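The structure appears below as structure tokens.
The values are calculated or read from the model by the stated rules, or taken from the named source; none is laboratory data. Here the structure is a predicted model, which is why all the values come from computation and not from measurement. Note that we place each Cβ from the backbone using ideal geometry, even for glycine, and neighbour counts take in every protein chain shown. For accessibility, only protein heavy atoms count, side chains too; no ligands or nucleic acids. Shrake-Rupley method; radii C 1.70, N 1.55, O 1.52, S 1.80 Å.
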Amino acid sequence: MENNIDNRSLVSIICASYNSEAFIIDTINSVIGQDYQHWELLIIDDCSIDNTYEIMNKASQEDDRIKIFKNSTNIGSGHTRNVGIKNAKGKFLTFIDSDDLWEHNFLSTNIEFQKINACQFSFASYRRVDENLSEILSPFIVPNRVCYQDMLRTGSISCLTAFIDIEHLGKKYMPEIRKRQDYVFFLRYLKEIDFAYGIDAVLATYRIRKNSVSRNKISAMKAIWVVYRKYENFSIFRSMIFISIYAFY
């Protein structure tokens, strides 16, 4: 990427952190190592009780593109990401959690993809690994495109690879729930656009940690039920149909 930085569009990267002292420096370095360098990284610590905040604070002192925030109380990832969204100044908005990684061309590929395809919402494939970066599941290869109805059935868009042109689509915020807040967030955008478009190239690495909130499948299905009933206002019957399809996929 050799364009003059003044002609580039700023990318706001939101990183919610909690007790990630073992991983967060790798996450920060995967952002610093991007071949597209016109970004701001907003890291919001959700009251970690380890050394996460000290690590991110040191990183911010070494690179002024890194901006740090600290919640006064533990409020969960949705609220925490909203702090970042509120303070984001970029044309584009994307997310990376404090234990995940991007390929060096994640930002540039999404920007070029949106330019070529004249779209404002893209997402990419990603590998799935354990805490030591050993592959535990085959890479998740995303579909070519996803509409609102598709998302209700499959949840194909991950927070790790969603890339949104908020200059055109505007800022939206995540709901006040502890789980699946990103799912509701994506549905809100998909209600207003025809499709989000997938990049089949594997551009990120998702760490599945032993204590990950998303690993409890029963708990996750309960959270999906809340989304259908409370946020999408589906009837019980319609919710049962969609949650059956979602569980199948």
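Could you list, in sequence order, the residues of segment 19-51 that are farther than 17 Å from LYS89 by Cα, of a type in the set (D, E, K, R) and touching a residue at least 40 places away in the same chain (Cβ under 8 Å)?
Passing the criteria: ASP26, ASP35.
Which numbered condition in (1) open to solvent by less than 20 Å² (accessible area, probe 1.4 Å); (2) modelled with pLDDT of 95 or more; (3) of a type outside the set (Val, Ile, Thr); (4) not in a strand (DSSP E or B) is the only one that GLY78 fails?
(2)
Do we find that ASN110 is surrounded by 20 or more Cβ atoms within 10 Å (Cβ to Cβ) and assigned to a helix (DSSP H, G or I) in this structure?
Answer is yes for this residue.
Residues checked against (1) surrounded by 19 or more Cβ atoms within 10 Å (Cβ to Cβ); (2) under 21 Å from THR109 (Cα atoms); (3) modelled with pLDDT of 95 or more; (4) touching a Phe, Trp or Tyr at 6+ places or on another chain (Cβ under 7 Å):
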{"site": "ASN3", "(1), (2), (3), (4)": "no, yes, no, no"}
{"site": "CYS15", "(1), (2), (3), (4)": "yes, yes, yes, no"}
{"site": "ASP26", "(1), (2), (3), (4)": "no, yes, yes, no"}
{"site": "ASN29", "(1), (2), (3), (4)": "no, yes, yes, no"}
{"site": "ASP45", "(1), (2), (3), (4)": "yes, no, yes, yes"}
{"site": "ASP63", "(1), (2), (3), (4)": "no, no, yes, no"}
{"site": "ILE66", "(1), (2), (3), (4)": "yes, no, yes, no"}
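In this structure, does PHE92 turn out to be of a type in the set (Phe, Trp, Tyr), surrounded by 15 or more Cβ atoms within 10 Å (Cβ to Cβ) and farther than 23 Å from VAL129 by Cα?
Numbers: of a type in the set (Phe, Trp, Tyr): yes; surrounded by 15 or more Cβ atoms within 10 Å (Cβ to Cβ): yes; farther than 23 Å from VAL129 by Cα: yes.
For PHE92, the condition - of a type in the set (Phe, Trp, Tyr), surrounded by 15 or more Cβ atoms within 10 Å (Cβ to Cβ) and farther than 23 Å from VAL129 by Cα - is met.
Inspect all residues belonging to segment 187-198 and state whether any of them is within 18 Å of the chain's Cα centre (by Cα), of a type outside the set (Phe, Trp, Tyr) and assigned to a loop (DSSP other than H, G, I, E, B).
So far as segment 187-198 goes, no, none of its residues is within 18 Å of the chain's Cα centre (by Cα), of a type outside the set (Phe, Trp, Tyr) and assigned to a loop (DSSP other than H, G, I, E, B).
When you check ILE85 against the structure, is it farther than 22 Å from THR205 by Cβ, at pLDDT 95 or above and in a strand (DSSP E or B), yes or no?
So ILE85 does not fit the description; no.
Starting from residues that are under 14 Å from PHE95 (Cβ atoms) and of a type outside the set (A, V, I, L, M, F, W, C), keep the ones in segment 147-178 and report whichever is surrounded by the fewest Cβ atoms within 10 Å (Cβ to Cβ).
Let us first name the residues in segment 147-178 that are under 14 Å from PHE95 (Cβ atoms), namely 157-164, 166, 171-174.
The next check asks that each one be of a type outside the set (A, V, I, L, M, F, W, C); those that pass are 158, 161, 171-173.
Numbers: SER158: 19, THR161: 26, LYS171: 13, LYS172: 17, TYR173: 15.
Looking at the filtered set, the residue picked out is LYS171.
For segment 215-235, does any single residue satisfy the condition of being buried (at least 17 other Cβ atoms within 10 Å of the Cβ), in a loop (DSSP other than H, G, I, E, B) and in contact with an Asp or Glu (Cβ under 9 Å, 6 or more places away or on another chain)?
No.
Which is part of a strand (DSSP E or B), open to solvent by less than 10 Å² (accessible area, probe 1.4 Å) and either over 24 Å from LEU42 (Cα atoms) or in contact (Cβ under 8 Å) with a residue 40 or more places away in the chain (or both), of SER138, SER122?
Just a single option satisfies the conditions, and that option is SER122.
Return the pairs, sorted by first residue and then second, in which the second residue is among the aromatic types (Phe, Trp, Tyr), the first residue lies in segment 57-73 and is closer than 14 Å to GLY33 by Cβ, the beta carbons are less than 8 Å apart, and the residues are 6+ apart or on different chains.
As it stands, the answer is ARG65/TRP39, since those pairs meet every condition given.
Table: residues versus (1) of a type in the set (S, T, N, Q); (2) modelled with pLDDT under 90.
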site	(1), (2)
ARG209	no, yes
SER214	yes, yes
ASN233	yes, no
ARG238	no, no
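Which ones in segment 23-53 are in a strand (DSSP E or B) and in contact with a helix residue (DSSP H, G or I) (Cβ under 7 Å, 6 or more places away or on another chain)?
Matches in segment 23-53: TRP39, LEU41, LEU42, ILE43, ILE44, ASP45.
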